[in-house]
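Read through the structure below, which is laid out as structure tokens, and then see the notes.
The values are calculated or read from the model by the stated rules, or taken from the named source; none is laboratory data. Just so it is clear, the model here is predicted, and its values are computed rather than measured. Neighbour counts run over all protein chains shown; Cβ positions are idealised from the backbone, glycine included.
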Amino acid sequence: MPDKDYKKFLTTAGLVEEHQGEIVDTRGQVLGHHDGIEFYTIGQRKGLGLSSSKPMYVVELDPEHNRVVVGEEGLLLRDELRIERCNWIPFDRLTKPIEASGGDPVQPPRCRSDGDPSRKRPRQL
């Protein structure tokens, strides 16, 4: 990514046009504005242009209402992960549950498939 500038890359390549929307908290209170939800990712903290006594993170992207929802770090925690359109390189599809881990490289969460290859639930293994 040139200059590590995601927004510049997307706009220069003509993949996204800027379109203003609201940045809101989890109660829907407008805290600021953005130039397009495509320029944000869940968990993003930097570049929000907000002032707050506590660090704020992108906790949800609401394309239907063109809103970026922000909240405290604890709102990023999830107990389920849905995975779609996977490329299973060594095989065509899952034939049995698998174990996987990801996230924090120091202490990654572990999860086990419940048989549906698109649903994962973290649990102690």
When you check Glu84 against the structure, is it part of a loop (DSSP other than H, G, I, E, B) and within 30 Å of Gly32 (Cβ to Cβ), yes or no? no
From the options Lys46, Lys54, residue that is in a loop (DSSP other than H, G, I, E, B) and farther than 25 Å from Ala13 by Cα: Lys54
Can you find a residue in segment 26-43 that is of a type in the set (Ser, Thr, Tyr), loosely packed, with under 10 Cβ neighbours inside 10 Å and assigned to a loop (DSSP other than H, G, I, E, B)? no
When restricted to Gly43, Gly49, the only residue within 18 Å of the chain's Cα centre (by Cα) and on the phi > 0 side of the Ramachandran plot is Gly43
Please go through segment 64-79 and give me each residue that is part of a loop (DSSP other than H, G, I, E, B) and loosely packed, with under 10 Cβ neighbours inside 10 Å, ordered by number. Glu64, Leu77, Asp79
Using the structure shown, decide if Lys96 is touching a Leu at 6+ places or on another chain (Cβ under 7 Å) and either assigned to a strand (DSSP E or B) or at pLDDT 70 or above (or both). no
